[in-house]
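See below for the structure under consideration.
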Amino acid sequence: FLGDPTDRHVVDTRGGTYTLANVDLLSKSHSMFLGGLATPVITTPGGATLARLHTITPADYTVPSQTIHDALSLYDGSGTIDHMDALGAMMTSLKLSVSPKGNVKATGEYDYKTLDTSASSVSPVYASSPYVYRDTDVTTTLGGVAICQRGIDLTIPTGIKVDNDRVC
């Protein structure tokens, strides 16, 4: 039997990977980003008025699932924006980096379960008056002694298992 070749195409929106790359670390709302590891607990250190301590304690098997919304400009030059949601996204690693005369950058690597290609537009919400952390805001200590670095690249893997595909 011969069939129409167009009948042999199936859209399969399986999971994949998604990278939120080189995001400036801000003084406000960065817990949403760091929350990819675990739910942050935010406290005010004793005597502080503007300082906040963000404690993130990942535990076995509790990496939270998130939705990543993206608005993509179509390549056809029409100016049309297509919206999609990466559903069931779980952070596989978090990278923090800083270089001299640079901003503190965060990168999140995610593995997601499926894509919702019919997602609707959303209105972004921004923190008011955030401060961008720079290299001058970073202090590195080793054994309680401050040391100078040419740059810092720290990657924290979550260790979640993402290769569970099976034919069943």
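Hey, can you tell me all the residues within the range 134-160 that are hydrophobic (A, V, I, L, M, F, W, C), open to solvent by 80 Å² or more (accessible area, probe 1.4 Å) and either in a loop (DSSP other than H, G, I, E, B) or free of Cβ contacts under 8 Å to residues at least 40 places away in the same chain (or both)? Lay out the reasoning, then the answer.
Just the residues of the range 134-160 that are hydrophobic (A, V, I, L, M, F, W, C), to begin with: 138, 142, 145-148, 152, 154, 156, 160.
When the remaining residues are screened for being open to solvent by 80 Å² or more (accessible area, probe 1.4 Å), the result is 142, 145, 148, 154.
If the condition is that a residue be hydrophobic (A, V, I, L, M, F, W, C), open to solvent by 80 Å² or more (accessible area, probe 1.4 Å) and either in a loop (DSSP other than H, G, I, E, B) or free of Cβ contacts under 8 Å to residues at least 40 places away in the same chain (or both), then Leu142, Val145, Cys148 are the ones that fit.
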Considering only the range 117-133, I want to know if a residue exists there that is farther than 24 Å from Leu26 by Cβ, open to solvent by 80 Å² or more (accessible area, probe 1.4 Å), of a type in the set (Val, Ile, Thr) and in contact (Cβ under 8 Å) with a residue 24 or more places away in the chain.
yes
Checked the range 70-86 for anything closer than 22 Å to Ser31 by Cα and either open to solvent by 60 Å² or more (accessible area, probe 1.4 Å) or of a type in the set (Asp, Glu) (or both); matches are Asp70, Asp85
Residues of the range 93-113 classified as open to solvent by 40 Å² or more (accessible area, probe 1.4 Å) and of a type in the set (Ser, Thr, Tyr), total:
1
Could you tell me how many of the residues in the range 54-69 are modelled with pLDDT of 80 or more and either open to solvent by 60 Å² or more (accessible area, probe 1.4 Å) or in contact with a strand residue (DSSP E or B) (Cβ under 7 Å, 6 or more places away or on another chain) (or both)?
7
Evaluation of Leu74 against (1) farther than 21 Å from Tyr18 by Cβ; (2) out of contact with any Pro (no Cβ under 7 Å at 6 or more places or on another chain); (3) without any contact (Cβ under 8 Å) to a residue 12 or more places away in the chain; (4) among the aliphatic types (A, V, I, L, M) (one fails), failing number:
(1)
Testing Gly46 on (1) without any contact (Cβ under 8 Å) to a residue 24 or more places away in the chain; (2) closer than 22 Å to Val23 by Cα, one condition comes back false. Which one is that?
(2)
Answer yes if at least one residue in the range 8-15 is modelled with pLDDT of 85 or more and either β-branched (Val, Ile, Thr) or surrounded by 12 or more Cβ atoms within 10 Å (Cβ to Cβ) (or both), and no otherwise.
no
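The values are calculated or read from the model by the stated rules, or taken from the named source; none is laboratory data. In this text, all values refer to a predicted model and were calculated from it rather than measured experimentally. Positions of Cβ are generated from backbone atoms using ideal geometry, with glycine treated the same way; all protein chains shown enter the neighbour counts. Heads up: the accessible areas ignore ligands, DNA and RNA and are worked out on the full protein's heavy atoms, side chains in. Shrake-Rupley method; radii C 1.70, N 1.55, O 1.52, S 1.80 Å.
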